[in-house]
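So the structure is just underneath, and the comments pick up after that.
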Number of protein chains: 4
Amino acid sequence: MKKIGIVGGTGYTGAELLRLLLAHPEAEVVTITSRAEQGREVAERYPNLRGITSLRFDSPDEAPLIDCDLVFFATPNGVAMQQVPSLLAKGVRVIDLAADFRLRDAEQWAEWYGQPHQCSELLASAVYGLPEINRQSIKRAQLVANPGCYPTAVQLAFLPLIKHKLVDLQALIADTKSGVSGAGRSANVGTLLCEASENFKAYGVTGHRHLPEIIQGLAQAGQVDIKQIALTFVPHLTPMIRGIHATCYSKLTVTGADLQEMFVQHYLNEPFVDVMPVGSHPETRSVKGSNLCRIAVHQPFQKDTVVVLSVIDNLVKGAAGQAVQNMNIMLGFPEQLGLQVTAVLP
Amino acid sequence: MKKIGIVGGTGYTGAELLRLLLAHPEAEVVTITSRAEQGREVAERYPNLRGITSLRFDSPDEAPLIDCDLVFFATPNGVAMQQVPSLLAKGVRVIDLAADFRLRDAEQWAEWYGQPHQCSELLASAVYGLPEINRQSIKRAQLVANPGCYPTAVQLAFLPLIKHKLVDLQALIADTKSGVSGAGRSANVGTLLCEASENFKAYGVTGHRHLPEIIQGLAQAGQVDIKQIALTFVPHLTPMIRGIHATCYSKLTVTGADLQEMFVQHYLNEPFVDVMPVGSHPETRSVKGSNLCRIAVHQPFQKDTVVVLSVIDNLVKGAAGQAVQNMNIMLGFPEQLGLQVTAVLP
Amino acid sequence: MKKIGIVGGTGYTGAELLRLLLAHPEAEVVTITSRAEQGREVAERYPNLRGITSLRFDSPDEAPLIDCDLVFFATPNGVAMQQVPSLLAKGVRVIDLAADFRLRDAEQWAEWYGQPHQCSELLASAVYGLPEINRQSIKRAQLVANPGCYPTAVQLAFLPLIKHKLVDLQALIADTKSGVSGAGRSANVGTLLCEASENFKAYGVTGHRHLPEIIQGLAQAGQVDIKQIALTFVPHLTPMIRGIHATCYSKLTVTGADLQEMFVQHYLNEPFVDVMPVGSHPETRSVKGSNLCRIAVHQPFQKDTVVVLSVIDNLVKGAAGQAVQNMNIMLGFPEQLGLQVTAVLP
Amino acid sequence: MKKIGIVGGTGYTGAELLRLLLAHPEAEVVTITSRAEQGREVAERYPNLRGITSLRFDSPDEAPLIDCDLVFFATPNGVAMQQVPSLLAKGVRVIDLAADFRLRDAEQWAEWYGQPHQCSELLASAVYGLPEINRQSIKRAQLVANPGCYPTAVQLAFLPLIKHKLVDLQALIADTKSGVSGAGRSANVGTLLCEASENFKAYGVTGHRHLPEIIQGLAQAGQVDIKQIALTFVPHLTPMIRGIHATCYSKLTVTGADLQEMFVQHYLNEPFVDVMPVGSHPETRSVKGSNLCRIAVHQPFQKDTVVVLSVIDNLVKGAAGQAVQNMNIMLGFPEQLGLQVTAVLP
């Protein structure tokens, strides 16, 4: 059993991480922190955990983090960058579920996140935790930057096309739809049931923080400079709790490719990517609570526009599940350990 | 008061039509038909109408349709084409809310709707009832083909761009999201609450019947042949009752245009199109129950991709409300009469 | 046209009031106040009102309230009691949608609302604004206390039984279910979509503020002391925006009464109470956006337990609509003026 | 590994059973039948099972049921009674999730279910599968009648009160609320998203089939004749997929009892009943996907009305989960085996 810590346990990501780790046969959560809730039983806040765990929230200042084999940060952006260096120095490995270490360029980070990066010296060694791209580096990483939810769904959709250089990198469109849990558990008017249910809207069309993260990933996959990627990224809020659906459009630059076969081959050995049969329309509910990404590739009327549909659970493959997948890789466990959960349907 | 008939009153479109017409100061619904429900009080089926109307469903065979000034068909595709000719012959004007007269090409219709067109001689004179394009023809029309829900939202989004020849007609994308009422009131497993709520999915990516309708409309607007339009159209089902959100992408072929001003001017005198301020994200709930289409135009990072967001209530501006708007135009009433309903929010 | 003011326009009740008054043919809203939003266009906050009104929020300190014929308070509990006396002194009539003047006993008020009552001298003359009980007093009232949402649904369900002394006043149960809008537009974690959707729970079983209000009303109806009423009141939160469903249980103390006929007769002339046919189950959606209360009375297996089902829209008959109904009565308008809205369904 | 069969695999109950059994370490599903879907892959129908199982639906006539150690029937009422006798004769043990063997009185069954009982000779030996009452009999049972969803929630709420003879058996009220999945996966208009969401209503107030089942269970618990029980049972439909909330009212006939302590003691050793702390309000989402029943007992204002709140997942503890619990008891497995699933929240 490895000793695991969770810093920031009161948001949806932290709670989901705890749910997964409590059922993981090789992980023992020894501490979960919350400044606001310290001393309170975790199960009081998360009624689904009553009877499952007797953990209490620890003060972040006194939590036994340095005794852990691995610590997850499920904190707001800007927190992990302050605490990670001292943990790494003590040999504790870290997975950050926030955005602190996702962008390699500190200036770009500062621009998109509205604050200076306080730990830019770690950016070069931090590994972007998308196993379908970086599995080998993740194995050896001391610090993993867990990807954002939209970036996971969008990158997995575009990856095979870009790797195989089949599409125009200057004409990528990602039209994405997220359940409301992507906005977190903060008390905001905009995510009240009365505001967000029976409603559908776009947001952030003028610029969303996940845009540079996606571009960086696609550029790496295509082995091109980020300036060669032009992506139009439009996120929408859809009236449900969990799930992301990415509808990704690109222009083919070659003809005659068997896209279906290419996708199937590309993801053949990936335990958490399911390429569905020709003509499929993946549903977000089919991955609810599970770590799967399901993908279908379409080429309507055999024209030159490819449409890739990709669905994930934003809190699992888009956050906590992928983090556990990364942990499994880092600690040498089977990659699927503790993650073989079937979506509850209906 | 004009005498109005509704053929096919048991679906959502028929019910919405009835709700609007019962509140219309110049329309008197003299008959509403249903073979399955004939003799039954309308209010038994639609509990919101208890105390509002004492109408009963008439048998379609005995309904006094020829005494009407205008008859609406809210029937399944393929029904109106059988009954419309005899009504027109008697001088009764008709608005068909189904698809029977939307496409000008009978062969294309047969191909998309899976049955031969039985009344192709009327296709040339039927007027496509999108007032923002065809207002003058609607005035004089004997037969109006009321547009589909997606086609209304998508055409209103693309119209100004295409009229002003600003975009590449070979690179149009319409990523559309509809509430479940778009699928009608039939008992289907796929639209059960347990199947469609807490879920998001695309459908019909391989070809949706609204595609040729949209292309025909855009070609007319651009004064080009339909073959010059390449549109990728991806509809999605979103877990709510009412509302369509169209996210429309196109490539600018000119630079320096003030798109916002152009949209504002284009729709300046349109009573039911609201061009929102720069940076807006229209919400479907802001038009729920109302006949408005709200539109926002974006040009992210001033690049050459334009993103137009457009929302309507699929049962109002996307069906029954637009039909009443057409009736107002045909019968010489003020265009907004009976349609000045404010969306109920929250 | 009468001049109308709204104090506190940013909550759901204030917004609903504004929606109804903007469509009212005899009311002109001359001011709507908000300290937090002063100067801002109302339509910016309520996107459904874009194009419907150009009102801006006034500062509560500078709003021309004393020029109004009637002022509505849609403020938090405890606000109206501070401002009402000076308005009344100037001859302005007032309808308070909060709880300040609902209870006749200042001590009881202080106990349930956790603050001393600062205007107890007005409690005797304030009229409880349930037209179905107090229509005549409302006509002449200077100050009307608009009822709470649960109290409206529950009192209308029990009234005929209690008036006719048919039931045991010591064995009343009101099991009530409310949509989430009853909790208002404040940013609370508990009413986030992610917390409140796909969930059902009771709350306040240990004591809810609407309990003494209901008991006071039932005691008045039965002409007994409040101590003779024993009511068990259990509210629940149901995952939808609008609507209250009250399931009310009582024990018959007489036999052989024709309950259906008695309910029908009792409410025969009430414009906003619909007694449904024997065997009916009223649906909350049938009154969404409308001022109706629909009621069905059941006596399962002819035993001595009566079950009355009653539904309202909590923001209309349970708040703003009833307030407009009271205004109509006070100002001598037809009681239904501006309130003949049909619920939008589906 | 025991060999398990499922007859009737296409409804929600069958699918849930399959989900649970596929994760059960000692159960191997060797056949799942469906006449309509025979030959089709199960995962095509239940997209959450893609990659989890390669089972195909078997024809009910050819399925190897007699090779099974235990067969579950997840069929419509009236089916199991025809097939169970021959299986029992071959030594196969059976759990019926339908209602065929729940009532001991064949005449009462015929009256409530509208058809004659075709296998009344088995009613005496069939064991009602509520482990909290009948655990010992279940162990030895050849045929278990798995309880209905409402009956499970209501009986567990009333049981301690009735066992301890604390309440008036002539004044029991169960006000129950169910998610829509309780109505099954049949295509009915009433359970369409557009009909059932944003709506709340009672149904079956004049008599619901679960009423005699509950009364039979409570009579057994109280060791009284069923005629001594008077229960008013009002079910409601609430706009969510899963979950039952029972609000149960009864009149205390004794004073001074420590109800909380009594409930805690009563359920102390029950693995799937969680008595929550004083003042709690259990939420349906806290048991979604899990086999738990959470209960809170209230005595408002210390008066003589007891209010017991009880929540279950109707498809798990209310159906498939309880069936697996019964299987575990019958086959000698640890009772919690395969059922320690934490609810996914939010």
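Of note:
- Positions within region D:113-141 being out of contact with any Pro (no Cβ under 8 Å at 6 or more places or on another chain) and assigned to a helix (DSSP H, G or I), in sequence order: D:Tyr113, D:Ser120, D:Glu121, D:Pro131, D:Glu132, D:Ile133, D:Asn134, D:Arg135, D:Gln136, D:Ser137, D:Lys139, D:Arg140
- A:Phe101 meets all of the listed conditions (1) surrounded by fewer than 18 Cβ atoms within 10 Å (Cβ to Cβ); (2) assigned by TED's automatic domain parsing to the domain that holds A:Thr10 but one, namely (1).
- Any hit, region A:173-189, residues being acidic (Asp, Glu) and more than 20 Å from B:Met276 (Cα to Cα): yes
- Being touching a strand residue (DSSP E or B) at 6+ places or on another chain (Cβ under 9 Å) and over 19 Å from D:Gln322 (Cβ atoms) is a condition met by no residue of region D:13-27.
- Of the helices (runs of 4 or more DSSP H) lying entirely inside region C:142-248, those containing at least 1 residues that are in contact with a Ser or Thr (Cβ under 7 Å, 6 or more places away or on another chain), within 12 Å of chain D (Cβ to nearest Cβ) and more than 24 Å from D:Thr232 (Cβ to Cβ) span C:193-196.
- Among the residues making up region A:39-52, those that are without any contact (Cβ under 8 Å) to a residue 24 or more places away in the chain and either outside any helix (DSSP H, G or I) or loosely packed, with under 13 Cβ neighbours inside 10 Å (or both) are A:Gly39, A:Arg40, A:Glu41, A:Arg50, A:Gly51.
- Residue within region B:137-148 that is of a type in the set (Ser, Thr, Tyr), more than 23 Å from B:Pro76 (Cβ to Cβ) and out of contact with any helix residue (DSSP H, G or I) (no Cβ under 7 Å at 6 or more places or on another chain) present: yes
- Extreme residue, farthest from the chain's Cα centre (by Cα), among residues of region C:223-263 that are closer than 24 Å to D:Phe200 by Cβ and among the aliphatic types (A, V, I, L, M): C:Leu259
- Residues (of a type in the set (Lys, Arg) and surrounded by fewer than 22 Cβ atoms within 10 Å (Cβ to Cβ)) located in region B:277-304: B:Lys303
- The combined condition, being aliphatic (A, V, I, L, M), closer than 23 Å to C:Leu292 by Cα and more than 11 Å from chain C (Cβ to nearest Cβ), is fulfilled by B:Leu55.
- Yes/no for D:Leu122 being modelled with pLDDT of 95 or more, farther than 21 Å from D:Ile214 by Cβ and within 14 Å of another protein chain (Cβ to nearest Cβ): no
- Test set (1) modelled with pLDDT under 95; (2) touching a helix residue (DSSP H, G or I) at 6+ places or on another chain (Cβ under 7 Å) - B:Ser186 fails condition number: (2)
- Matching residues, region C:190-208, being surrounded by fewer than 20 Cβ atoms within 10 Å (Cβ to Cβ) and within 21 Å of the chain's Cα centre (by Cα): C:Tyr203, C:Gly204, C:Gly207, C:His208
- Count of region A:23-38 residues which are more than 14 Å from chain D (Cβ to nearest Cβ) and either farther than 14 Å from A:Ala74 by Cα or not in a loop (DSSP other than H, G, I, E, B) (or both): 10
- Just one of the numbered conditions (1) within 14 Å of chain C (Cβ to nearest Cβ); (2) crowded, with 22+ Cβ neighbours inside 10 Å is not true of B:Asp274: (2).
- For region A:270-285, residues that are farther than 11 Å from D:Gly51 by Cα and either of a type in the set (D, E, K, R) or over 16 Å from the mean Cα position of the chain (by Cα) (or both) total 9.
- From A:Ala36, A:Ala74, residue being touching a residue at least 24 places away in the same chain (Cβ under 8 Å), over 29 Å from D:Cys293 (Cβ atoms) and surrounded by fewer than 22 Cβ atoms within 10 Å (Cβ to Cβ): A:Ala36
- Single unsatisfied condition, D:Ile133 versus (1) under 26 Å from D:Ser178 (Cα atoms); (2) crowded, with 20+ Cβ neighbours inside 10 Å: (2)
- Only listed residue being under 25 Å from the mean Cα position of the chain (by Cα) and surrounded by fewer than 22 Cβ atoms within 10 Å (Cβ to Cβ), chosen from C:Leu55, C:Leu88: C:Leu88
- Top-ranked residue in region C:2-22 [being part of a helix (DSSP H, G or I) and touching a helix residue (DSSP H, G or I) at 6+ places or on another chain (Cβ under 6 Å); ranked as farthest from C:Asn77 (Cα to Cα)]: C:Leu20
- Hey, B:Lys3 of a type in the set (Lys, Arg), touching a residue at least 60 places away in the same chain (Cβ under 8 Å) and surrounded by fewer than 21 Cβ atoms within 10 Å (Cβ to Cβ) or not: yes
- The set of residues in region D:58-71 that are exposed (fewer than 15 other Cβ atoms within 10 Å of the Cβ), free of Cβ contacts under 8 Å to residues at least 40 places away in the same chain and among the acidic types (Asp, Glu) comprises D:Asp61, D:Glu62.
- In region A:295-316, of all residues being without any contact (Cβ under 8 Å) to a residue 40 or more places away in the chain and within 9 Å of another protein chain (Cβ to nearest Cβ), the one that is nearest to the chain's Cα centre (by Cα) corresponds to A:Ala296.
The values are calculated or read from the model by the stated rules, or taken from the named source; none is laboratory data. Model, not experiment: these values are computed from the prediction. Don't worry about glycine lacking a Cβ; one is built from the backbone with ideal geometry, like all the others, and counts go over all protein chains shown.
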